[in-house]
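Asker: Shown below is the structure under consideration.
A short reminder: the numbers here are calculations on the coordinates, not readings from a lab. Note that the structure is predicted; figures quoted are calculated from it, not measured. Cβ atoms come from the backbone with ideal geometry, glycine included; neighbour counts cover every protein chain shown.
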Amino acid sequence: MQTAAGYRIDAGAAVVATNTPVNDVAVIHTKQAPYTTYVIAAPVPAGSVPHGLYWDTLDPYHYVRLQRLPDDRRHELLIVGGEDHKTGQANDREERHARLEAWARPLFSTMEEVRYRWSGQVMETVDGLAFIGRNPLAAGNIFIATGDSGMGMTHGTIAGMLLSDLIQNRPNPWADLYDPSRKPLAALRDFADENLNVARQYLDWVLPGSPPPLEQLPRGCGTVVQQGLNKHAVYRDAEGRLHAFSAVCPHLKCIVQWNGVERIWECPCHGSRFNALGRMLSGPAAHDLAPADGGTQG
C-alpha cells in the first residue's frame, strides 16, 4: 500500500475505519447516507432525570441522555439531540435547535437555560446496522467498519471483536449480519429513495441558485456562486478577505454547500466535509477543494 506521503506499508490485512470508507468510490456509499444531527445541552438539578439513553420514534427523531458535571455536583447536563436532515440539504440550523428545545421543555420541567448548541454528522445505513467486514470489490484482506447509524459505541465494540476474528480466519456468529456485501431486501425502498435523493443533488450543476452579491457576504460566512460555467465556493474570513475554491467535491463531483453552524463546506451527496478554507476534514473525499482561478481573492 502506498501512502499519500509516498511511504510503502506492507501488512497482512488493513482496516479502513474512517467513519465512511475513503478507499471505496461508490459501492458502500449507495447503501448509507450522511445525516446532520443537532444537539443542545442545558443544566438540570442532579437526580431530577433518571440516568439512561432515551429516544422516540418521530421523524425526525429525538434522543436524550445525561452528563455529569465535574465542577458542579448539584447539576447535570441534559443533552437533547435529533432533528436530523441529509447533510448539506437544509439551511435552517437555528430553527432545528429551537425545535429541540421546544420538544424537550414540556417533558423535562427542571430544564434550565440552554447552555450549549452544536451539530455533528452520522452515517445512516439503509437497514440501521453497521457495515463491518471485508470491503466489497476489494482484495480479501481489506476490511471496513462504517455505518454506525448513531450507535458508534456499540458498533465500535462489535467491530473490534468481529474484525479480529475475520482477520485471523476464525468463525464469528455476527459475520453475516454485519457483512458489507449484504443486500437487505426489506430496505429496498429506502435504498432506492436515498439514491434518488443523491441523484437530485447533481441538479445543482445546472440550477443557478440565488446567492447574495459577494460584497454583501458577511465575515465568517460562505456561499456558492456561479462564475461562467463553474461553481465556486467563496468564503469571507474575519479580516474581510474572500477565498474562492472549486465547489465541486473531489469524490463524485457533487456541489458542496455551506454549513453556517460549523462554518464548513459539506457535500450533500455523500457527506465529505471541508473547512472554510477548503481543506478536507472527512471523507469519502480524499483531497481538498481545488483552488478557483488563483484561490484567494482580496
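Asker: What is the Å³ per residue value for the convex hull set by the Cα atoms of segment 1-111?
Answerer: Dividing the Cα hull volume of segment 1-111 by its residue count gives 206 Å³.
Asker: Between Arg236, Arg68, Arg96, find the one with the highest GNM mean-square fluctuation for the chain; connect C-alpha pairs within less than 10 Å.
Answerer: Arg68
Asker: Starting from the Cα of Ser181, move 7 Å in the Cα-to-Cβ direction to define the label point; list residues of segment 102-137 whose amide nitrogen is under 11 Å from there.
Answerer: Once the point is set 7 Å along Cα→Cβ of Ser181, 134-137 turn out to lie under 11 Å by backbone N, inside segment 102-137.
Asker: Let me ask another. Please list the non-local residues whose amide H lies under 5 Å from the amide H of Leu281, H modeled 1.01 Å from N, same-chain partners needing a gap of 5 or more.
Answerer: HN-HN under 5 Å from Leu281: Arg273, Phe274, Asn275.
Asker: Let me ask something additional. Assuming 0.36 nm per residue, please report the length gained on full extension of the stretch Trp55 to Thr154 beyond their Cα-Cα distance. List each step's numbers first, then the result.
Answerer: Details: separation 99, 0.36 × 99 = 35.64 nm, distance 1.59 nm.
Length gained, Trp55 through Thr154: 34.1 nm.
Asker: 222 nm [θ] for the chain, helices only, -39500 (n - 2.57) per DSSP H run of 4+, per residue, to 500?
Answerer: Details: 3 runs with 42 residues, N = 298.
Per the formula, -4500 deg cm²/dmol.
Asker: Next question, about the same structure. Could you list the square roots of 5 times each eigenvalue of the Cα gyration tensor of the chain, that is, the equivalent ellipsoid semi-axes, sorted largest first and rounded to whole Å?
Answerer: So the three semi-axes of the chain are 31, 31, 18 Å.
Asker: Please list 3J(HN,Hα) in residue order for segment 95-100, calculated via the Karplus relation 6.51 cos²θ - 1.76 cosθ + 1.60 where θ = phi - 60°; whole Hz, with x for glycine and proline.
Answerer: 5, 5, 4, 5, 5, 4
Asker: Specify the residue with the greatest mean-square fluctuation among Leu217, Leu166, Leu137, computed from a Gaussian network of the chain linking alpha-carbon atoms under 10 Å apart.
Answerer: Among Leu217, Leu166, Leu137, the largest mean-square fluctuation in the Gaussian network model of the chain belongs to Leu137.
Asker: Now for a different question. Starting from the 7 Å offset along Cα-to-Cβ, what nm value, one decimal, do you get for the label separation of Ala290 and Glu94?
Answerer: 3.6 nm
Asker: Full-extension gain between Thr110 and His85, please, as 0.36 nm times their residue separation minus the C-alpha to C-alpha distance.
Answerer: Difference between extended and current length: 6.1 nm.
Asker: Mind checking the full-extension length gain between Gln67 and Arg170? Use 0.36 nm per residue of separation minus the Cα-Cα distance, one decimal, nm.
Answerer: Working: separation 103, 0.36 × 103 = 37.08 nm, distance 3.85 nm.
Between Gln67 and Arg170, full extension yields an extra 33.2 nm.
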